[in-house]
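**Q** Pasting a structure below so you can have a look.
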Amino acid sequence: MSSPNHSTTPIPTGNSRGKGKRGCITVFFSVLIAGGIVLGLGVGLAAVFAPNLLNSMFSQLTGAKIIQTRPVGGDPANYDPITNFDSMQAFAGEDARLVKFEAQFVRSDGTLDLTASYLPSPRVDAEFMVEVDAPADAPPLGAGGGGTWYEKINIAAYTLNQSRRVTTTNESSRLTYTYVNEGMTRSVSSPQTLKPVFLEPPACPFEAFWWVALAEGAPAEAVATITYDEDGYRFSIRDVSVSLEFTTDCEPV
């Protein structure tokens, strides 16, 4: 006698729905984990290949004063800090005012090579100040307070593509980051009460100072350091004891 046919269709049990829910939860957490891994990899790659972009994003999100960077005006290998001063001013900010200016290792044609490989390398430093509100914890007048508060803004043009690691600390946090110099960097200090002497933008062509130096026997292959402040310009060449001074009107003293 043949045995009766039996259905092979599985009968749901009381736990089958629970298994389905656990499966959905497992998929959900897997998506979260995968998303976290992708985000982490993205941040990690940005930190290696685009640190300036990551720093900019962090600065915008937190308001932190990190060092910023952008390309210089003109040709970095033949950088003229006088004709390209406007780009430094723009980087400092419209309301920032110049207080000091120095160019190290200026060639006889009035330019610097910001691609040079020798050390110390050519660079230009422009120090600006901008008036700001007094900080919340500033002492009141009569307790050492009062006066006008300023932030110092330093714009530095130096060798391209240098990578630097910076650590900043305050009372509640510590931040470490890396940036790659694109040509100029911008750094901002904490507010202080100061009485700065503001300068007009430098207008004297550095090549003109070199003409005077060459006429007095300075070697044409040398490089000079030129400083500009409220007293005018100082021109010097380290290794050959050449030192000259010029007025703010570019005339020899």
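The values are calculated or read from the model by the stated rules, or taken from the named source; none is laboratory data. Quick caveat, the model's predicted, so the values are computed rather than measured. Because the Cβ atoms are built from the backbone with ideal geometry, glycine has one as well, and the counts that use them run over all protein chains shown.
**Q** Could you please find all residues in the stretch 195-250 being small (Gly, Ala, Ser), closer than 19 Å to residue 80 by Cβ and surrounded by 11 or more Cβ atoms within 10 Å (Cβ to Cβ)?
**A** The initial filter retains those residues of the stretch 195-250 that are small (Gly, Ala, Ser), namely 203, 208, 213, 215, 217-218, 220, 222, 224, 232, 236, 241, 243.
Within this subset, residues satisfying the condition of being closer than 19 Å to residue 80 by Cβ are 203, 208, 213, 220, 222, 224.
Of everything in the stretch 195-250, those that are small (Gly, Ala, Ser), closer than 19 Å to residue 80 by Cβ and surrounded by 11 or more Cβ atoms within 10 Å (Cβ to Cβ) turn out to be 203, 208, 213, 222, 224.
**Q** Filter the stretch 205-253 down to residues that are among the hydroxyl-bearing types (Ser, Thr, Tyr) and in contact with a strand residue (DSSP E or B) (Cβ under 6 Å, 6 or more places away or on another chain) and give me whichever is nearest to residue 99 (Cα to Cα). Steps first, please.
**A** Going residue by residue through the stretch 205-253, those that are among the hydroxyl-bearing types (Ser, Thr, Tyr) are 225, 227-228, 233, 236, 241, 243, 247-248.
Subset that is in contact with a strand residue (DSSP E or B) (Cβ under 6 Å, 6 or more places away or on another chain): 225, 227-228, 233, 236, 243, 247-248.
Values: 225: 18, 227: 11, 228: 9, 233: 13, 236: 20, 243: 22, 247: 16, 248: 14 Å.
Across the stretch 205-253, the extreme among qualifying residues is 228.
**Q** Could I ask something else about it? Just checking, how many residues over the stretch 76-105 are crowded, with 18+ Cβ neighbours inside 10 Å and either at pLDDT below 95 or among the small types (Gly, Ala, Ser) (or both)?
**A** The qualifying residues number 4.
**Q** Name every residue in the stretch 51-75 that is over 18 Å from residue 173 (Cα atoms) and modelled with pLDDT of 90 or more, in order of residue number.
**A** Selection gives 68, 69, 70, 71, 72, 73, 74, 75.
**Q** Another question, if that's okay. If you scan the stretch 95-129, which residues turn out to be within 17 Å of the chain's Cα centre (by Cα) and within 23 Å of residue 230 (Cβ to Cβ)? Show your work before the answer.
**A** Initial filter on the stretch 95-129 (within 17 Å of the chain's Cα centre (by Cα)): 96, 114, 123-129.
Within the stretch 95-129, 96, 123, 124, 125, 126, 127, 128, 129 qualify.
**Q** If I ask for residues that are surrounded by fewer than 18 Cβ atoms within 10 Å (Cβ to Cβ) and part of a loop (DSSP other than H, G, I, E, B), which ones from the stretch 63-75 would you list?
**A** Passing the criteria: 63, 64, 65, 71, 74, 75.
**Q** Follow-up question, since we're still on this one. So residue 253 fits all but one of (1) under 28 Å from residue 119 (Cα atoms); (2) exposed (fewer than 15 other Cβ atoms within 10 Å of the Cβ); (3) among the aliphatic types (A, V, I, L, M); (4) out of contact with any helix residue (DSSP H, G or I) (no Cβ under 9 Å at 6 or more places or on another chain); what number is the exception?
**A** Here residue 253 clears every test but (1).
**Q** Still on this structure, please answer the following. Would you confirm, using the coordinates I've provided, whether residue 165 is touching a Phe, Trp or Tyr at 6+ places or on another chain (Cβ under 8 Å), under 24 Å from residue 76 (Cβ atoms) and exposed (fewer than 13 other Cβ atoms within 10 Å of the Cβ)? Before the answer, list the steps.
**A** Numbers: touching a Phe, Trp or Tyr at 6+ places or on another chain (Cβ under 8 Å): yes; under 24 Å from residue 76 (Cβ atoms): yes; exposed (fewer than 13 other Cβ atoms within 10 Å of the Cβ): yes.
Criteria met by residue 165.
**Q** Which residue is farthest from residue 90 (Cα to Cα), if the candidates are limited to the stretch 138-155 and must be crowded, with 19+ Cβ neighbours inside 10 Å and under 15 Å from the mean Cα position of the chain (by Cα)?
**A** 152
**Q** Same structure again: In the list 158, 179, which residue meets the criterion of being under 24 Å from residue 65 (Cα atoms), buried (at least 17 other Cβ atoms within 10 Å of the Cβ) and modelled with pLDDT under 95? Can you show your working first?
**A** Details: 158 fails: modelled with pLDDT under 95.
Among 158, 179, only 179 is under 24 Å from residue 65 (Cα atoms), buried (at least 17 other Cβ atoms within 10 Å of the Cβ) and modelled with pLDDT under 95.
**Q** Could you go through the stretch 115-137 and let me know if any residue there is surrounded by 16 or more Cβ atoms within 10 Å (Cβ to Cβ), of a type in the set (Lys, Arg), without any contact (Cβ under 8 Å) to a residue 40 or more places away in the chain and touching a Ser or Thr at 6+ places or on another chain (Cβ under 9 Å).
**A** yes
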